[in-house]
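Peer 1: Here's a structure for you.
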There are 4 protein chains.
Amino acid sequence: MFHFECDYASGAAPQVLRALAQANESQHFGYGEDEHCRAAAELIGRLCAAQVGVHFVPGGTQANLLVAAAALRPFEGVLCADTGHINVHETGAVEATGHKVLALPSVDGRLTADQIRQAAQRHRLDSTREHTVRPGLVYLSHPTELGTLYTHAQLEDISQACREANLLLYVDGARLAYGLAALPEVDLPFLARICDAFTLGGTKAGLLFGEAVVLPHLALSRDFRYHMKQRGAMLAKGWLMGLQFRALLEDGAYVSLAARANAMAQDLKRALVGRGVPFLVDTMANQIFPILPRSVLDALEPSFSVSVWEAVDDQRAAVRVCMSSTTSPSEAEALSAALMRALDGISVKNFAL
Amino acid sequence: MFHFECDYASGAAPQVLRALAQANESQHFGYGEDEHCRAAAELIGRLCAAQVGVHFVPGGTQANLLVAAAALRPFEGVLCADTGHINVHETGAVEATGHKVLALPSVDGRLTADQIRQAAQRHRLDSTREHTVRPGLVYLSHPTELGTLYTHAQLEDISQACREANLLLYVDGARLAYGLAALPEVDLPFLARICDAFTLGGTKAGLLFGEAVVLPHLALSRDFRYHMKQRGAMLAKGWLMGLQFRALLEDGAYVSLAARANAMAQDLKRALVGRGVPFLVDTMANQIFPILPRSVLDALEPSFSVSVWEAVDDQRAAVRVCMSSTTSPSEAEALSAALMRALDGISVKNFAL
Amino acid sequence: MFHFECDYASGAAPQVLRALAQANESQHFGYGEDEHCRAAAELIGRLCAAQVGVHFVPGGTQANLLVAAAALRPFEGVLCADTGHINVHETGAVEATGHKVLALPSVDGRLTADQIRQAAQRHRLDSTREHTVRPGLVYLSHPTELGTLYTHAQLEDISQACREANLLLYVDGARLAYGLAALPEVDLPFLARICDAFTLGGTKAGLLFGEAVVLPHLALSRDFRYHMKQRGAMLAKGWLMGLQFRALLEDGAYVSLAARANAMAQDLKRALVGRGVPFLVDTMANQIFPILPRSVLDALEPSFSVSVWEAVDDQRAAVRVCMSSTTSPSEAEALSAALMRALDGISVKNFAL
Amino acid sequence: MFHFECDYASGAAPQVLRALAQANESQHFGYGEDEHCRAAAELIGRLCAAQVGVHFVPGGTQANLLVAAAALRPFEGVLCADTGHINVHETGAVEATGHKVLALPSVDGRLTADQIRQAAQRHRLDSTREHTVRPGLVYLSHPTELGTLYTHAQLEDISQACREANLLLYVDGARLAYGLAALPEVDLPFLARICDAFTLGGTKAGLLFGEAVVLPHLALSRDFRYHMKQRGAMLAKGWLMGLQFRALLEDGAYVSLAARANAMAQDLKRALVGRGVPFLVDTMANQIFPILPRSVLDALEPSFSVSVWEAVDDQRAAVRVCMSSTTSPSEAEALSAALMRALDGISVKNFAL
């Protein structure tokens, strides 16, 4: 079975495992206060060209709930797209910290600066605003859950909207590696300038596990370790995460592996477009969302797993196909060949959306 | 620097790393729904000789807060020893789920069945009990935070007290490997019979990370994965934990490595007793708490790190020395030799407590 | 200034104040364990023709958050209309108990049974449902925040949908008095049969303050007082609320005063319709939502306060006008006369929506 | 039955009820934004001789949980005496906001400045402090739950300790009226100077209900109404509380009624001491804690209710006897006479503690 349903089906990139095998010979201070975490944090700071707090946590949901808990007062909430991961796929993790998620409608996974401005103004002008949740934080994901990317200009505008309205800005970068590779204009120094917090995802980018929470807003960082411990996000052997990030960041593999995944995804997209396959949404990075006939999905099923995103009609479904930093070219080619074979007997005209 | 201040300073046992290197070649289903987690869960069930729910989470604080969240209604609290990890060293993680920790005094880390009976009765007989937190769960650690062990009879009595009072019983087994090795009368089938929930610790027992939450009370298990996801404890690559537990449990290394650590700790204890060194508390497993002169600690400091537990007087401090599943005999010998050297010039009579 | 912007601008109905003056001479047991609370609870049980738990709390937000806290497990959420009070006007009170509010779109304040069925099914069929909040409770208000009412058949169907999907059903009856008066087919025995919990509002129905939480689902009632105390909703002099409910329920004034308010509101509605005034939504009870020109609102402003609900265009706004159990006929007439005067010079044709 | 078991068994002082009857004729803006609340807040500010935020909430538990929620970051806790109301009699209300109550041992209900200094220092010096709850707020009650009072010097020292350690200071004044009357050196201007927050209790001091939360720390006050609404503590007819406080504060009855209660309690204490009755604790205000033989309690039971505080031995129990602002002299005399009669046949020598 080849897994393309997500970008975390494989283990780690080889350099991660090598580093781990080597470090396993030594002992380390606990709870992220070791040389690997320190070195990885410094490296991230250098890549951001900014003074930033850096903390490593095992998973993305933890990162998200920690930032919400650290950034908000009890009566404040988080503005996000209704497709946002915190709104739909974290079992109410943010609400479990006591904060409402204030979802705004989105068609392609992105929020707009105008939506943020309007939401802030709606609250400010509401004479009963004390009866409503005050927006305190804006949550974006880049790339989004639909694989789309924000442009430099869009993010700049969003950042401006947040500052005007006294909102903190948090970018969930679970797939940031793919974003950095696909759209270099949104780079780490830019994110460090416009965000109060963002994550540099590891789990989906060649690590076994681990997300780096990067906090350009230094006041958020000061007591962040208390929050981490309280929410069970401070790993005893925290060095495991510092070590892994070092392994991929030091030689640039963090982005170059993602770039390879993006290229494989985009190659496949082009091949499908060539066959007349429509897409749910147009994407630039490692995730693509073709709309495929059930018969094609049935043909794939014994050997390839993809993720059914939503039924389009009785005959067809939009599926998510992910390439990842650990997908090998031969795996990608096997999927592409299987898809082309399955599509062979099928007339293009069936695909009009 | 040799680390003896805790039992999580080293990486993983060699068989864990070998399994990891091998599994890294394959792909796996996400979120703990893979073959390794399934196999590890089945293996734990067999070792418990019982039908149990098994879930793998990255850390011990997560395990503790998850069990509290899953077991309690909002107005219920957790009875525990005042030395209990949840009461002192988890930054209020249980309170952050909304539940009060109801600490009872303990001198050696252990609760007694009588304390539980009295606390339950105090609540039951209180005519204003609706104004007080109702005990709902009893938390023990075995071994305790002070390295002590409960006997089979003590645990049987505690379990009886819990059932009489309609309290759930949870045993934090972060160091259970050492307990199993040191006191075989408290084995997994026994724990599965008397507990509603317990953990089988991995982080301190030869894994890179991971705790198995074992739920003999099957109703607790049914929706446990929702709780895990909500609290950020469901690792995307959950197979990493199933794999590691398999690696140590399948060939018995989980207990045999712990037994070696216990033996090294007890050897060192005997050597120190031979020099007249007093102990804060008497222990049977991998942690020992000698009371040492500051001069001895100073002599160790450049090469060996131990954990200062509490100052006994101006001259002396009780320290914690841990051997772990990944401590090698040569490391233990190096520490022992250094300690004996440092004690050489010091008269026994200084040590009277 | 005459207040029509809400139904809680006046004090209590005269019989409430008389009862209070009389009871003030005596002493009472605290925390709702007195004869007045007991008698009021029994009376409510008789009116419901059912065995129900009854608890008195000072305010409606408390009632709502208490039912959520008592009814739900941590990872469960509350389905409600997006216009629902808990979703928009309680500053995230439900989220502050850790639970997500799962808002569904509504145009007139009502949920439908089909929406509930679809939401339940969507969760049940979702293979990643453990990553999403599980619906556990359905929240309705009757009358709704927009003054509309559910029919007997609609509520029966909703109740059926809830039972099929293992959801509890809660009706927020902050304005239930007006609903009972306007639509007798939805009476207390019916509500006691179809709901797990509902409130009988006092604050908006002639009491100084106080809501009765009625719990036909007796298991919810058993420990409800613990929840009340924990959330600060157990008033020391709880007898104040039992006394007030008795005063209005014993002689039927609870419903008859509401019926008078409904009649005054409906009279005013007819008069406005006669002048060609359009309405935001058609209502049967004590709240009406006429769409009025700014000039009319300006004319009212010095002497009458109404609530601007939403701007319809530059010239006009929908406003809420409330009659309440404590509005006197002369006050209602004064408003009606003022409105007619203000509308006199204005051509009907301006009002086409 | 005469109630002396608590100080909230009676209704309101006559002037409160008169004011209520009069105000009931008018209409008022909702949610505490009315003239009575404004006037009461200004009056309290004048009495404090300071700029303070003032908010009215129905009950004391609400006041306590609101101050904790407003004052603390998620990982911070509240230092208090182990006898503190928040620690023992609020069903974990503070923990339900996510914060640990850090109880310190007390024999007479009071904390000391030294305890606070030590607790703060213990945290500051702990190298693993991120694994522990950080003290953020100190909670005292004045008078305490045992009826004792802090001296001016003690409170000054505690305030100093809090400022040194960057802790906020909160005084629960549920019975502050009795404290102000018994010990004028601790007056409102002093409290406004040394505290960040305190309450001026109404429920136990002649109001039907209501506590004034006074916030000399103005930053705490700015968003306090959001917290109030979120926790269900913002009463729709908030004017009821402003009105009642005005009624007692404007003419000084708030303190003079309390002074009368104190005098009646102290008279009774002297009479009991004259009979050789020992006391659990010595008090100066409206609560006394005599240790009485069961036979005396049995004799009282048909006509007088007192509160059994704790059993001293098989024969005797410490009981709490409360006089309140609404206790009439004749009620106090009736109790005194009954007690003297019951003690008549009993030899003094039985009472040696």
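Peer 1: How many angstrom lie between the C-alpha centres of the stretch C:270-347 and the stretch A:32-59?
Peer 2: So the two Cα centres are separated by 61 Å.
Peer 1: Would you work out which of B:Ala317, B:Gly232, B:Phe304 lies farthest towards the positive end of the dipole of the stretch B:222-353, given +1 charges on the beta-carbon of Lys and Arg and -1 on that of Asp and Glu, about the Cα centre?
Peer 2: Most positive-ward Cα: B:Gly232.
Peer 1: If you don't mind, there's one more thing I want to ask. Mind listing which GluC sites (Glu not before Pro) in the stretch D:1-45 are in a DSSP loop and have 16 or fewer other Cβ atoms within 10 Å?
Peer 2: The qualifying sites are D:Glu25, D:Glu33.
Peer 1: Same structure again: Only residues of the stretch D:6-31 count here: report those whose backbone N is under 19 Å from the spot 7 Å along Cα→Cβ of C:Met1, or say none.
Peer 2: Answer for this model: D:23-31.
Peer 1: With the full set of protein chains in place, find how many percent of the accessible area of chain B is carbon and sulfur; take the probe as 1.4 Å.
Peer 2: 51
Peer 1: Same structure, new question: Given C:Ala71, C:Tyr8, C:Tyr31, which one lies farthest toward the positive end of the charge dipole of the stretch C:1-89, if we put +1 on the Cβ of every Lys and Arg and -1 on the Cβ of every Asp and Glu?
Peer 2: C:Ala71
Peer 1: Please tell me the relative contact order of chain D in percent, rounded to the nearest whole number, where contacts are Cα pairs under 8 Å and at least six residues apart.
Peer 2: It rounds to 24 percent for chain D.
Peer 1: Sticking with this structure for a sec: What 222 nm value per residue comes from the helices of chain A, counting each DSSP H run with n ≥ 4 as -39,500 (n - 2.57) and dividing by all residues, nearest 500 deg cm²/dmol?
Peer 2: -12500 deg cm²/dmol
Peer 1: Still on this model: With a sphere of radius 10 Å drawn around the Cβ of C:Tyr178, what net charge do the other residues whose Cβ falls strictly inside it have (Lys, Arg +1; Asp, Glu -1)?
Peer 2: For residues surrounding C:Tyr178, the net value is +1.
Peer 1: What is the dipole size for the stretch D:243-353, taken about its Cα centre, with +1 at each Lys and Arg Cβ and -1 at each Asp and Glu Cβ, in debye to the nearest 20?
Peer 2: 200
Peer 1: Using a 7 Å offset from the Cα along the Cα-to-Cβ direction at both A:Arg18 and C:Arg193, what is the distance between the two label points in nm, to one decimal?
Peer 2: Output for this residue pair reads 7.6 nm.
Peer 1: Which residues of the stretch D:53-76 show a drop of at least 50 Å² in accessible area when all protein chains are present, compared with their chain alone (probe radius 1.4 Å, heavy atoms only, ligands and nucleic acids excluded)?
Peer 2: D:Arg73, D:Pro74, D:Phe75
Peer 1: Along the charge dipole of chain D, pointing to its positive end and built from +1/-1 on Cβ of Lys, Arg, Asp and Glu, which listed residue (D:Gly173, D:Ala49, D:Pro290) has its Cα farthest out?
Peer 2: D:Ala49
Peer 1: Okay, next question. So what's the net charge close to C:Gly77: Lys and Arg +1, Asp and Glu -1, counting the other residues with Cβ under 12 Å from its Cβ?
Peer 2: Surrounding charge for C:Gly77 is +1.
Peer 1: Same structure again: Roughly how large is the A-B contact in terms of buried accessible area, totalled over both chains, probe 1.4 Å, nearest 100 Å²?
Peer 2: 3900
Peer 1: Quick one: putting +1 on the C-beta of Lys and Arg, -1 on the C-beta of Asp and Glu, what dipole do you get for the protein assembly as shown around its Cα centre, in Debye to the nearest 20?
Peer 2: Here the size comes out at about 0 debye.
Peer 1: In percent, what relative contact order does the stretch B:48-202 have, based on Cα pairs under 8 Å that are 6 or more apart in sequence?
Peer 2: Relative CO of the stretch B:48-202 lands at 25 percent.
Peer 1: When you look at the Cβ of every residue in C:24-32, what mean number of other chain Cβ atoms sits within 10 Å?
Peer 2: 6
Peer 1: What percent does the relative contact order of the stretch A:235-353 come to when contacts are Cα pairs within less than 8 Å and at least six residues apart?
Peer 2: 27
Peer 1: In debye, nearest 20: dipole of the stretch C:222-292 around its Cα centre with unit charges on the Cβ of K, R (+) and D, E (-)?
Peer 2: Dipole of the stretch C:222-292, to the nearest 20 debye: 300 debye.
Peer 1: Moving on to the next point. Among the residues of chain C, which one places its Cβ closest to the rotation axis that maps chain C onto chain A, and what is that distance in whole Å?
Peer 2: Result for the axis mapping C onto A: C:Glu95, 2.
Peer 1: Excluding A:Leu104 itself, what net charge comes from residues whose Cβ is under 12 Å from its Cβ, given Lys and Arg +1 and Asp and Glu -1?
Peer 2: +1
Peer 1: Another question, if that's okay. Using the structure shown, list the pairs from A:Lys204/A:Lys237; A:Lys229/D:Lys237; B:Lys229/C:Lys204 with a Cα-Cα distance above 32 Å, or answer none.
Peer 2: Distance filter (> 32 Å) returns A:Lys229/D:Lys237; B:Lys229/C:Lys204.
Peer 1: Rank D:Ser303, D:Ser336, D:Ser221 by mean-square fluctuation in a GNM of chain D with C-alpha springs under 10 angstrom and give only the top-ranked residue.
Peer 2: Among D:Ser303, D:Ser336, D:Ser221, the largest GNM mean-square fluctuation belongs to D:Ser303.
Peer 1: Hey, what's chain B come to in accessible area per residue, 1.4 Å probe, Å²?
Peer 2: Per-residue accessible area for chain B comes out at 34 Å².
The values are calculated or read from the model by the stated rules, or taken from the named source; none is laboratory data. Note that the coordinates shown come from a computational prediction; the quantities given were computed from them, not determined experimentally. Ideal geometry is used to build each Cβ from the backbone, glycine not excepted, and the neighbour counts take in all protein chains shown. Heads up: the accessible areas ignore ligands, DNA and RNA and are worked out on the full protein's heavy atoms, side chains in. Shrake-Rupley method; radii C 1.70, N 1.55, O 1.52, S 1.80 Å.
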